[in-house]
Structures are given as structure tokens and as C-alpha cells.
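Read the structure below first, then the notes.
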Amino acid sequence: DQQVKQNSPSLSVQEGRISILNCDYTNSMFDYFLWYKKYPAEGPTFLISISSIKDKNEDGRFTVFLNKSAKHLSLHIVPSQPGDSAVYFCAARRDKLVFGAGTILRVKS
Amino acid sequence: DAMVIQNPRYQVTQFGKPVTLSCSQTLNHNVMYWYQQKSSQAPKLLFHYYDKDFNNEADTPDNFQSRRPNTSFCFLDIRSPGLGDAAMYLCATSREYHNEQFFGPGTRLTVL
């Protein structure tokens with residue numbers, strides 16, 4: 001039972017453009033949502049989060065949007081940089097973290 | 001630098017031969033987690049410790065055990081590895097349950 005889904009296995013974006021990574025969830029009891037970024041041979045690192053009582057959180061080039069009615073969140077990266085190329089995991093929390101399968105982002109220079 | 005360290009980074013074992021994966025942390029966090037991640041799948045929580053209190057996920061096979069002898073170290077023991085246990089094993093820590101989790105680089109386990 002996949003409670004958190006990232007339906008796009010990969011995304012390719014030109015440097016300077018916007019990257020939009022999407023995540024859908026099924027459990028309305030999740031109270032916190034997080035994005036993690038993972039480089040090869042490294043563990044996932046926390047990127048940005050949002051509480052279920054908010055609909056937007058911004059940190060520099062990264063913005064997360066939450067649409068609770070649609071059970072959907074997205075991560076926007078503007079402008080995208082080659083160093084953003086990584087695997088991005090969406091995670092949702094109630095009493096534990098539930099992860100999506102990840103989206104590979106490639107930013108082309 | 002405070003961090004989460006996993007050893008070894010790559011582990012090869014034979015079918016049925018017990019194996020132990022190690023995780024250590026310098027963050028002095030209360031909670032330590034073990035996740036299993038198979039290729040192109042989401043990391044899946046196996047169990048976690050809050051201090052010395054062990055919490056097993058309901059669907060974690062009995063073949064998987066864990067030990068936390070002190071705050072800094074946590075071990076994952078796989079008693080009789082099967083081919084289906086080949087995966088990346090990630091250790092993570094957090095200060096409290098609802099705090100950010102810090103991950104180690106993972107141990108990739110191959111079962112021959």
C-alpha cells in the first residue's frame with residue numbers, strides 16, 4: 001500500500017528554468033511533509049518541509065506547495081542549477097516517515 | 001563534523017550466512033532508525049530505537065534484528081539473508097521523534 005507516490009521517476013530540466021517535482025499521498029492523517037535530496041553515494045539530506053496547516057513554504061530557490069484537498073504537494077526549484085541534479089524524495093509524517101520512491105532530477109547546463 | 005556513519009559501505013554475503021551492519025552517530029540523538037531501500041523503491045522503515053526502547057514495524061520479517069548497546073551505536077543483524085534481502089540499508093537519527101532525520105550514506109548489501 002503506497003501511501004506516498006512520486007509518479008515521475010525522472011525529470012530533465014535546462015539550467016535556469018523551473019523544476020517542479022510532484023508527490024501525491026493518500027492518508028489524510030499526515031501532519032507534516034518533507035523533501036529530501038540524495039546525491040550518489042550519500043544518504044538523503046533534508047531539504048525543506050511544510051506543515052499540514054500551511055499551503056506554502058519557501059526557502060531560497062526552493063518552495064514547497066501543499067494542496068490538502070487534492071492530497072498533493074510539489075517542490076519548485078527556481079532557477080535550477082546543475083548542482084541540483086540528484087534524487088528527490090518526498091516524505092509524509094504521522095507517527096513515522098513514509099517515503100515516496102523518488103524522482104531523479106537532471107539539470108542540463 | 002557531527003554525522004551518521006555506516007560501516008561497511010558495501011557488504012557481500014552468502015545466502016543464509018548471518019551478516020551485521022553497523023551505524024554510529026556523533027549527534028547524540030535519542031532516536032535511531034533502520035530503513036531498507038530496494039532499487040527504485042521508497043525507503044521502508046524496519047525498526048527504530050528511542051534510547052534503549054526498541055520499536056519494530058509490524059511487517060518487518062523476524063529475520064531482521066537490531067541492537068543498540070549505547071547512544072552512539074546501532075546494529076542491524078540479518079540472521080539468514082535471502083536473495084530478497086539484497087538492498088541498500090540506511091541508518092538515520094533524530095533528536096526526538098518529530099525532529100529532522102539525519103541519514104548515513106547507507107550500506108549496500110549483496111546476497112550471493
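The values are calculated or read from the model by the stated rules, or taken from the named source; none is laboratory data. All values reported here derive from a predicted model rather than from experimental measurement. Glycine gets a Cβ as well: all are built from the backbone with ideal geometry, and neighbour counts include every protein chain shown. Calculation scope for accessible area: heavy atoms of the full protein, side chains included, ligands and nucleic acids excluded. Shrake-Rupley method; radii C 1.70, N 1.55, O 1.52, S 1.80 Å.
Table for the structure above
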read-out	value
Residue match in segment B:15-26 (condition: within 14 Å of another protein chain (Cβ to nearest Cβ), in contact with a Cys (Cβ under 9 Å, 6 or more places away or on another chain) and either open to solvent by 30 Å² or more (accessible area, probe 1.4 Å) or in a loop (DSSP other than H, G, I, E, B) (or both))	no
First in segment A:47-72 and β-branched (Val, Ile, Thr), second anywhere and open to solvent by 60 Å² or more (accessible area, probe 1.4 Å), Cβ under 7 Å, 6 or more apart	A:Ile48/A:Asp59; A:Thr63/A:Lys56
Candidate set from segment B:1-14 (those that are of a type outside the set (A, V, I, L, M, F, W, C) and assigned to a strand (DSSP E or B)); member that is nearest to the other protein chains (Cβ to nearest Cβ)	B:Gln6
Count - residues of segment A:58-69 that are surrounded by 13 or more Cβ atoms within 10 Å (Cβ to Cβ) and part of a loop (DSSP other than H, G, I, E, B)	2
Scope segment B:27-51; condition in contact with a strand residue (DSSP E or B) (Cβ under 7 Å, 6 or more places away or on another chain) and either in a loop (DSSP other than H, G, I, E, B) or within 10 Å of chain A (Cβ to nearest Cβ) (or both); matching residues	B:Leu27, B:His29, B:Asn30, B:Tyr33, B:Tyr35, B:Gln37, B:Lys38, B:Ala42, B:Pro43, B:Lys44, B:Leu45, B:His48
Failed criterion for A:Ser74 (all others in (1) open to solvent by 50 Å² or more (accessible area, probe 1.4 Å); (2) closer than 21 Å to B:Gln101 by Cα; (3) of a type in the set (Ser, Thr, Tyr) hold)	(1)
Enumeration of residues in segment B:30-49 that are out of contact with any Leu (no Cβ under 9 Å at 6 or more places or on another chain) and buried (at least 16 other Cβ atoms within 10 Å of the Cβ)	B:Asn30, B:Val31, B:Met32, B:Ala42, B:Lys44, B:His48, B:Tyr49
Subset of segment A:71-109 that is among the hydroxyl-bearing types (Ser, Thr, Tyr) and more than 10 Å from A:Tyr36 (Cβ to Cβ) - its residue that is farthest from the other protein chains (Cβ to nearest Cβ)	A:Ser109
Filtered residue count, segment A:17-57, keeping only those that are at the interface with another protein chain (Cβ under 10 Å from one of its Cβ atoms) and not in a loop (DSSP other than H, G, I, E, B)	7
Which numbered condition A:Pro79 fails, given (1) open to solvent by 30 Å² or more (accessible area, probe 1.4 Å); (2) part of a strand (DSSP E or B); (3) not hydrophobic (A, V, I, L, M, F, W, C)	(2)
Residue list for segment B:92-104, restricted to those being within 7 Å of another protein chain (Cβ to nearest Cβ) and open to solvent by 30 Å² or more (accessible area, probe 1.4 Å)	B:Glu100
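Okay, residues lined up against (1) assigned to a loop (DSSP other than H, G, I, E, B); (2) under 10 Å from the mean Cα position of the chain (by Cα); (3) in contact (Cβ under 8 Å) with a residue 12 or more places away in the chain:
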residue	(1), (2), (3)
B:Cys74	no, yes, yes
B:Ser80	yes, no, yes
B:Thr93	no, no, yes
B:Glu96	yes, no, yes
B:Glu100	yes, no, no
